[in-house]
1. For region 49-91, enumerate the residues that are closer than 28 Å to LEU15 by Cα and of a type in the set (S, T, N, Q).
2. Give the number of residues within region 20-38 that are assigned to a helix (DSSP H, G or I) and surrounded by 10 or more Cβ atoms within 10 Å (Cβ to Cβ).
3. Do we have any residue at all in region 88-97 that's part of a helix (DSSP H, G or I), at pLDDT 90 or above and among the aliphatic types (A, V, I, L, M)?
4. For region 39-53, give me each residue that is surrounded by 15 or more Cβ atoms within 10 Å (Cβ to Cβ) and either farther than 20 Å from ALA72 by Cα or among the small types (Gly, Ala, Ser) (or both).
5. When you look at ALA72, is it free of Cβ contacts under 8 Å to residues at least 40 places away in the same chain and closer than 30 Å to LEU23 by Cβ, yes or no?
6. Would you tally the residues in region 17-52 being among the hydrophobic types (A, V, I, L, M, F, W, C), within 19 Å of ARG6 (Cα to Cα) and touching a residue at least 12 places away in the same chain (Cβ under 8 Å)?
7. Do we have THR56 as assigned to a helix (DSSP H, G or I), in contact with a helix residue (DSSP H, G or I) (Cβ under 7 Å, 6 or more places away or on another chain) and surrounded by 10 or more Cβ atoms within 10 Å (Cβ to Cβ) here?
Amino acid sequence: MNTDKRIQISYAAFLDMYRLLALLKDQELDRQARECCTRVEWEITSKLEAIARHDTYTKSKIAPSESDREEARQAYLNLAGIHSSFRYSRDHGDQMNNAFHASSISS
């Protein structure tokens, strides 16, 4: 069980931490400080990737046109690491949906 507590900070403060970390990486640091920077860098990078995935997912749902939504959906699937063989195309999904509805009407 992970007992780490989570806190929220502003996006500006988050970016400042990232910039500060980049400046520290160029400095001579002792082993403990380097280990700390490595952990912070991993957390910040993970959070930035999650923010990018969330923003792209949101665009895939609210983009103004169907083609923009599909482009964002494909970008999201790429960011999420979903292999292309596990993806369905919009056309295939529509065909499956239509087949389902047709079978439920004829039953």
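1. THR56, THR58, SER60, GLN74, ASN78
2. Initial filter on region 20-38 (assigned to a helix (DSSP H, G or I)): 20-25, 31-38.
If we keep only those that are surrounded by 10 or more Cβ atoms within 10 Å (Cβ to Cβ) too, we end up with 20-22, 24-25, 33-38.
The total comes to 11.
3. Filtering region 88-97 for residues part of a helix (DSSP H, G or I) gives 90-97.
The next check asks that each one be at pLDDT 90 or above; those that pass are none.
Checking region 88-97: not a single residue is part of a helix (DSSP H, G or I), at pLDDT 90 or above and among the aliphatic types (A, V, I, L, M).
4. Start the filter on region 39-53 by keeping residues that are surrounded by 15 or more Cβ atoms within 10 Å (Cβ to Cβ), which leaves 40-41, 44, 53.
Result: VAL40, GLU41, ILE44.
5. Details: free of Cβ contacts under 8 Å to residues at least 40 places away in the same chain: yes; closer than 30 Å to LEU23 by Cβ: no.
So ALA72 does not fit the description; no.
6. Filtering region 17-52 down to residues among the hydrophobic types (A, V, I, L, M, F, W, C) leaves 17, 20-24, 29, 33, 36-37, 40, 42, 44, 48, 50-52.
Then drop every residue that is not within 19 Å of ARG6 (Cα to Cα), which leaves 17, 36-37, 40, 42, 44, 48, 50-51.
Imposing the further condition that a residue be touching a residue at least 12 places away in the same chain (Cβ under 8 Å) reduces the set to 17, 37, 40, 44, 48.
Of the residues in region 17-52, 5 are among the hydrophobic types (A, V, I, L, M, F, W, C), within 19 Å of ARG6 (Cα to Cα) and touching a residue at least 12 places away in the same chain (Cβ under 8 Å).
7. On the way: assigned to a helix (DSSP H, G or I): yes; in contact with a helix residue (DSSP H, G or I) (Cβ under 7 Å, 6 or more places away or on another chain): yes; surrounded by 10 or more Cβ atoms within 10 Å (Cβ to Cβ): yes.
So THR56 fits the description; yes.
The values are calculated or read from the model by the stated rules, or taken from the named source; none is laboratory data. As the structure is a prediction and not an experimental result, all values here were calculated from the model. Backbone-built Cβ (ideal geometry, glycine too); neighbour counts: all protein chains shown.
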